[in-house]
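What follows is a single structure, written as structure tokens, with notes after it.
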Amino acid sequence: MSDRSHTPSSRRQFLKSVGATGGSLALASALPLRQAFAAGTPPAINLGQVSTMTGSAAEFGPYYRDAVQLAVNHVNAAAKEVFGGPIIANHITVDSATLPTVGVQAARQMIDTQHTPAVICGWSSGVTVAVATSVTIPSGVLQIANGATSPLISVLPADAKADLLFRTCASDALQGVVAAQLVAGKIDPKYKYEKVATIYINNPYGQGLSNSFATAFQKLGGKVLAQVPHPEEVQPTYKSMLSQALKDKPDLLIIVSYPAHTIAICKESRDTFNFTNWQFVDGNSSVDIIKQVGQKDMDGHYGTAPGEDTTTQSYKDFAKNFTAGFKYDHFPPFTTCSYDAGLVAGLSMAAVVAGGQKDASKITGAMLRDELRKVSNPPGDMIDGGDPGRVVDMLKALKAGKKINYNGVAGPCDFDKNGDVVTPISIWKYEGDQIKTVNMIPAKDIPTS
């Protein structure tokens, strides 16, 4: 994770997200699910995605869309060789505008009109929970989140029996602990604070991460003076919320929010309250913040994020193929998780096809869910992702009735009973016009209590 290349305007991002480019088709023009397949070709189903193409996190959406598209490309190329044709008919991306209400409407329309039994959704725990509760779980659709980290997702009541909500990124139960260790001087003794406050976006992500951090920091002997929520929609001013967060004079302000909110919060914190001692999280790991607030005031500030082991072959091959294939210089947090979400969805489809299913219209979210842990978890031959040749090996193994254990590009995709995986947590830093990872904390080294 580091700085990102310039992205198009929100409108161009949205048009691209639903346009017939890179294999992602518009709702109005996507091919219907039922098709007349040539003799001997496998059934092919639609894969949906809800992404942040506009709104507060518009900067990130194209990366997540394209990472899933790379997975689709790898799966379909392998399926042509192994099964005689593609198994993903269309990759359909719709825009959440980084808001739950918009995400729910977009997901419902996509599922109702395009019959997508599996959906990658999403970045933002608020969007993910709303879509799961209102749309995917009631519709029997498998949902795999590529960047939703709220601890609530692990125990979402609506999914207790359905088991249809999974994620390829780590819970903030881990990130909150690492953020607390960082503030308490456990990672760098020269970086240590005793009194802090948080300002957080008022959704499952913000509340969950703020609470996780506060609990862990207090266990380490620190004082949390205030936890102040702000609305999900971008506000014209945050002065009243900042006043509440800063009134008892904290040494450090933890900002748990998204880029557009963070830009306004940092500017007002600096200009109105003369306070610039901030720490950040994954949601505001954004080069737009550097551009809008200014390098001088952002330089040197730390943040945390669910990360990936950049030393694995999986990660190295993904990074090479993704940046070359989609002309990016770098990519933000959860891009690797997006590829993993797309690939495990495709592997589940391949397992259903290998099991003898020949009618695309009969492939359901529950059927895909039943294969998800089988292709991702032990036992089975561990095979790295990120490379089209190894995806061919995976599909050949599935066709032969063998078990596989997909090793993701963000980390092992070993889904537990709650649909969670565990990845490392990174510590990053604003440096000049870039964002640089400065430390990686393996999951095994993060205290769980």
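The values are calculated or read from the model by the stated rules, or taken from the named source; none is laboratory data. In this text, all values refer to a predicted model and were calculated from it rather than measured experimentally. Positions of Cβ are backbone-derived with ideal geometry, glycine not excepted, and every protein chain shown enters the neighbour counts. Only protein heavy atoms, including side chains, enter the accessible area calculation; ligands, DNA and RNA are left aside. Shrake-Rupley method; radii C 1.70, N 1.55, O 1.52, S 1.80 Å.
Some observations on this one:
- Screening VAL422 against (1) under 18 Å from the mean Cα position of the chain (by Cα); (2) under 20 Å from THR323 (Cβ atoms); (3) open to solvent by 60 Å² or more (accessible area, probe 1.4 Å) leaves a single unmet condition, (2).
- A residue that is farther than 26 Å from VAL409 by Cβ and surrounded by 20 or more Cβ atoms within 10 Å (Cβ to Cβ) occurs somewhere in segment 188-196.
- Evaluating CYS413 against the criteria (1) touching a Ser or Thr at 6+ places or on another chain (Cβ under 6 Å); (2) open to solvent by 60 Å² or more (accessible area, probe 1.4 Å) leaves one unmet condition, (2).
- When residues in segment 250-283 are screened for being in a helix (DSSP H, G or I) and farther than 19 Å from LYS239 by Cβ, 3 of them pass.
- Matching residues in segment 156-171 - criterion: being without any contact (Cβ under 8 Å) to a residue 60 or more places away in the chain and either over 28 Å from THR336 (Cβ atoms) or not hydrophobic (A, V, I, L, M, F, W, C) (or both): PRO157, ALA160, LYS161
- Filtering SER257, SER314, SER240, SER269 for residues that are of a type outside the set (Asp, Glu), open to solvent by less than 60 Å² (accessible area, probe 1.4 Å), over 25 Å from LYS192 (Cα atoms) and at pLDDT 95 or above leaves a single hit, SER314.
- Residue under evaluation PHE166, criteria (1) outside any helix (DSSP H, G or I); (2) open to solvent by less than 20 Å² (accessible area, probe 1.4 Å); (3) out of contact with any helix residue (DSSP H, G or I) (no Cβ under 8 Å at 6 or more places or on another chain), criterion not met: (3)
- Filtered residues of segment 87-102 (kept if of a type in the set (Val, Ile, Thr) and free of Cβ contacts under 8 Å to residues at least 60 places away in the same chain): THR101, VAL102
- Counting only strands (runs of 3 or more DSSP E) that sit completely within segment 37-135, those holding 3 or more residues that are farther than 30 Å from GLN207 by Cβ and in contact with a Ser or Thr (Cβ under 9 Å, 6 or more places away or on another chain) correspond to 45-51, 88-95.
- Within the option set VAL183, VAL178, being open to solvent by less than 10 Å² (accessible area, probe 1.4 Å), in contact (Cβ under 8 Å) with a residue 60 or more places away in the chain, of a type outside the set (Gly, Ala, Ser) and more than 30 Å from GLY385 (Cβ to Cβ) holds for one residue only, VAL183.
- The residues of segment 197-211 that are open to solvent by less than 10 Å² (accessible area, probe 1.4 Å) and either farther than 15 Å from HIS230 by Cβ or of a type in the set (Gly, Ala, Ser) (or both), listed by number, are ALA197, GLY206, SER210.
- Test for GLN105: is it farther than 23 Å from PRO306 by Cβ, of a type in the set (S, T, N, Q) and without any contact (Cβ under 8 Å) to a residue 24 or more places away in the chain: yes
- Candidate set: segment 385-397, residues that are open to solvent by less than 40 Å² (accessible area, probe 1.4 Å) and of a type outside the set (Gly, Ala, Ser); chosen: the one nearest to GLN313 (Cα to Cα): VAL391
- Of the residues making up segment 328-367, those that are open to solvent by 10 Å² or more (accessible area, probe 1.4 Å) and outside any helix (DSSP H, G or I) are TYR328, ASP329, HIS330, PHE331, GLY355, GLY356, GLN357, LYS358, ASP359, ILE363, THR364.
- Residue identified as surrounded by fewer than 19 Cβ atoms within 10 Å (Cβ to Cβ) and more than 21 Å from GLN434 (Cα to Cα) among GLY325, GLY300: GLY325
- Of all residues in segment 136-147 being hydrophobic (A, V, I, L, M, F, W, C) and touching a Ser or Thr at 6+ places or on another chain (Cβ under 8 Å), the one that is nearest to ARG369 (Cα to Cα): LEU142
- For HIS115, the conditions (1) open to solvent by 10 Å² or more (accessible area, probe 1.4 Å); (2) under 30 Å from SER257 (Cβ atoms) all hold with the exception of (2).
- Residues in segment 378-389 that are assigned to a helix (DSSP H, G or I) and modelled with pLDDT under 95: none.
- Scope segment 36-93; condition hydroxyl-bearing (Ser, Thr, Tyr) and closer than 18 Å to ALA351 by Cβ; matching residues: THR41
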